[in-house]
Amino acid sequence: MRILLVSPESKVWNSRAHLHNGLGYLAGSLLANGYTDVTLHDGAVETESLAQVLDRAIADGRPYDMVGISAPTVLIENAWAGARDAKARGAITILGGPHLTLQPDESLQKPEVDLVVRGEGEDALVEILHILEDGRSVNDVRLRNVLGLSWRDAAGKVMHNLDRPLRPDLDNIPLPAYHLFKIERYTNLNPMTDGLDPNARAYTIVTSRGCPYKCTYCSKPITGDTWRPRSVENVIKEWRMLVRDFHATEIGLTDDIWNLDLKRAKALCRALIDEKLNTVPWVTIHGMKVNHTDLELFQLMKAAGCKRVGFGVENGDEQILKKVIRKAQTLDMVRHAFKNAKAAGLQTMGFFIFGMPYETEETMEKTIQIALELDPDLAHFMIAAPYPGTELWKLVEKEGILFSHNWDDYAIQADKAHFQIGDLTADVVERKWREAHRRFYLRPSRIARRLMMPDTWRNLPRRVQDVSRMMLGARASAGAH
Ligand code: B12
Ligand code: SF4
């Protein structure tokens, strides 16, 4: 069976060319189960369109039998377009990923989508292919045994099988098949700070899945509320592969919360030092949770090669943090973590959200103030985006007005507010968001620091675009969706 796994091309601003860990895992499981003819198409780095790839396969007399497409909410329209291309060329189409897990029905209304996988897909995909490879149809009754699958029966009725339980034994999942990616094309983890070297090899790793916290804006449809760590040995095995086999020059941790268990986090750092893997710098991509840190952890991270840590600060108002975001952390905990990380010699990054429900101009001003006070090397200011399934989504549905029903408008790093609740208008949220960028980045000390960085000059056109978009409110011509 010829299989093509696809991540659609993204038009979301600031999207980076990160390895798609999920597709890597799916491919790893397929290979381990005897499906050896697997190709990966990551729209973020490809030069050919999906249609061109499919046409070339047909012209070569080796068409793809199955095309599996991955989609978070913002990419679902692109995923449907990809499914249309694949279906028109005779392939079976299977969609999976965060958005499909949240809204499986919507995609099964589309004739171009044959099957939808909800939740983690490694086992489900293998089970489906076992059934389909006998030449059976996508309506075969045996599909009802595949947990987490949504499908149509022979009469066309949409069926949702029971959910697949989260796999507790992550160590037993085959390692991601990164050799199938165009691995040399992943050159930066963060376009605002990295990407200095066009020949860099910047890869990501997931050391645990899930998070027990319940921040109201956070969408965790795949990894869930139960924290499932990989053993330190198993993580080191993959880390070694990234460094020794794929020559990584930078590594990013993309766990929901890699430091939930402080003891394990420290053990991982010690193992990186012992294994001499600390020569390759690494960063935390998703914010660390401040209340599971101490000075020793940051010191060990530094010794283990860590270059930069990110923290979810979110808001400068204690009440919004506690009652609206339910972040389970106080501003003093945030201050403490920043202080320790800086003392250990790490660069810092902060994530801040504007326009959560019940915010006012004053609470957003407090967010700007805390950003200025913490003074991270990099501040990511984002506008609240409600994703289906989150508490924020439910609240907006109940009490607010949603401005757009187009899924491709659901980017967090967009420059437009997505909803209004109460008196706080979109204009005020967008104005404070732009003001945050201006007041944070246009301080003389910042400008001086920025001008010293070589990438400022190397990427000048992009920098000018970013400045006009974030600080003046002008739509960037490229990248904005
Ligand atoms: C790393 C990461 C990124 C990276 C790379 C994303 C990527 N290409 O994988 C970057 C920084 C580029 C990124 C960008 C964005 N991200 Co992001 N990201 C993550 C993060 C932290 C980890 C992803 C990961 O590796 N998961 C682990 C792997 C194993 O899971 P997976 O990829 O989902 O794949 C599994 C299943 O989904 C399923 N599956 C997936 N695809 C398919 C396909 C088929 C055919 C099948 C059968 C199964 C299947 O099987 C896989 C294996 O189990 C997640 C949080 C999370 N924990 O998932 C957020 C997350 C996916 N991102 C999110 C968001 C909002 C964004 C942005 C929109 C932010 C923005 N700019 O506004 C952009 C979207 C741009 C884009 N092109 O995707 C949300 C998505 C919410 C939603 N409802 O869609 C998440 C869940 C974070 C959150 N908690 O809110 N992101
Ligand atoms: S934002 Fe981070 S800490 Fe909060 S629920 Fe999501 S993953 Fe967990």
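The values are calculated or read from the model by the stated rules, or taken from the named source; none is laboratory data. The structure displayed is predicted, hence computed values, not measured ones. Using ideal geometry, Cβ is built from the backbone for each residue, glycine included, and neighbour counts are taken over all protein chains shown.
Applying the criterion of at least 1 residues that are among the aromatic types (F, W, Y) and within 12 Å of ligand 2 (Cβ to nearest atom) to the strands (runs of 3 or more DSSP E) found wholly in the stretch 220-316 leaves 306-314.
Annotation: L102 fulfils all but one of (1) more than 10 Å from ligand 1 (Cβ to nearest atom); (2) surrounded by fewer than 24 Cβ atoms within 10 Å (Cβ to Cβ); (3) among the aliphatic types (A, V, I, L, M); (4) farther than 24 Å from Y178 by Cβ; the unmet one is (1). Condition first: among the acidic types (D, E), closer than 23 Å to L166 by Cβ, within 13 Å of ligand 1 (Cβ to nearest atom) and not assigned by TED's automatic domain parsing to the domain that holds N406. Can you find one or more residues in the stretch 75-85 that meet it? For the stretch 75-85, residues among the acidic types (D, E), closer than 23 Å to L166 by Cβ, within 13 Å of ligand 1 (Cβ to nearest atom) and not assigned by TED's automatic domain parsing to the domain that holds N406: absent. Inclusion of D197 among residues that are of a type outside the set (A, V, I, L, M, F, W, C) and either within 13 Å of ligand 2 (Cβ to nearest atom) or at pLDDT below 95 (or both) is warranted.
Within the stretch 386-416, restricting attention to residues that are assigned to a helix (DSSP H, G or I) and either basic (K, R) or assigned by TED's automatic domain parsing to the domain that holds Q103 (or both), the residue that is surrounded by the most Cβ atoms within 10 Å (Cβ to Cβ) is K394. Would you say I92 is free of Cβ contacts under 8 Å to residues at least 60 places away in the same chain, assigned by TED's automatic domain parsing to the domain that holds L147 and under 15 Å from V38 (Cα atoms)? Taking the combined requirement at face value, the residue satisfies it.
Total residues in the stretch 119-139 satisfying the condition of being touching a residue at least 60 places away in the same chain (Cβ under 8 Å) and under 13 Å from S150 (Cα atoms): the figure is 3. What's the total number of residues in the stretch 357-385 that are acidic (D, E) and buried (at least 22 other Cβ atoms within 10 Å of the Cβ)? Summing the residues that are acidic (D, E) and buried (at least 22 other Cβ atoms within 10 Å of the Cβ) in the stretch 357-385 gives 1. Within the stretch 286-306, identify whether any single residue is closer than 22 Å to L175 by Cα and either within 16 Å of ligand 1 (Cβ to nearest atom) or assigned by TED's automatic domain parsing to the domain that holds F354 (or both), and answer yes or no. Yes, the stretch 286-306 contains a residue that is closer than 22 Å to L175 by Cα and either within 16 Å of ligand 1 (Cβ to nearest atom) or assigned by TED's automatic domain parsing to the domain that holds F354 (or both). For H247, which of the numbered conditions (1) surrounded by fewer than 17 Cβ atoms within 10 Å (Cβ to Cβ); (2) at positive phi; (3) in the same structural domain as E120 (by TED's automatic domain parsing) fails to hold? The number of the failed condition is (3).
Of all the listed residues (D256, D261), the sole one being within 17 Å of W227 (Cα to Cα) and either among the hydrophobic types (A, V, I, L, M, F, W, C) or within 13 Å of ligand 1 (Cβ to nearest atom) (or both) is D256. Are any of the residues in the stretch 27-44 in contact (Cβ under 8 Å) with a residue 12 or more places away in the chain, within 12 Å of ligand 1 (Cβ to nearest atom), charged (D, E, K, R) and crowded, with 20+ Cβ neighbours inside 10 Å? Yes, the stretch 27-44 contains at least one residue that is in contact (Cβ under 8 Å) with a residue 12 or more places away in the chain, within 12 Å of ligand 1 (Cβ to nearest atom), charged (D, E, K, R) and crowded, with 20+ Cβ neighbours inside 10 Å. For T216, the conditions (1) out of contact with any Leu (no Cβ under 7 Å at 6 or more places or on another chain); (2) within 16 Å of ligand 1 (Cβ to nearest atom); (3) closer than 18 Å to N291 by Cβ are fulfilled apart from (1).
Restricting A341, A371, A384 to those that are closer than 30 Å to A71 by Cβ and touching a strand residue (DSSP E or B) at 6+ places or on another chain (Cβ under 8 Å) reduces the list to A384.
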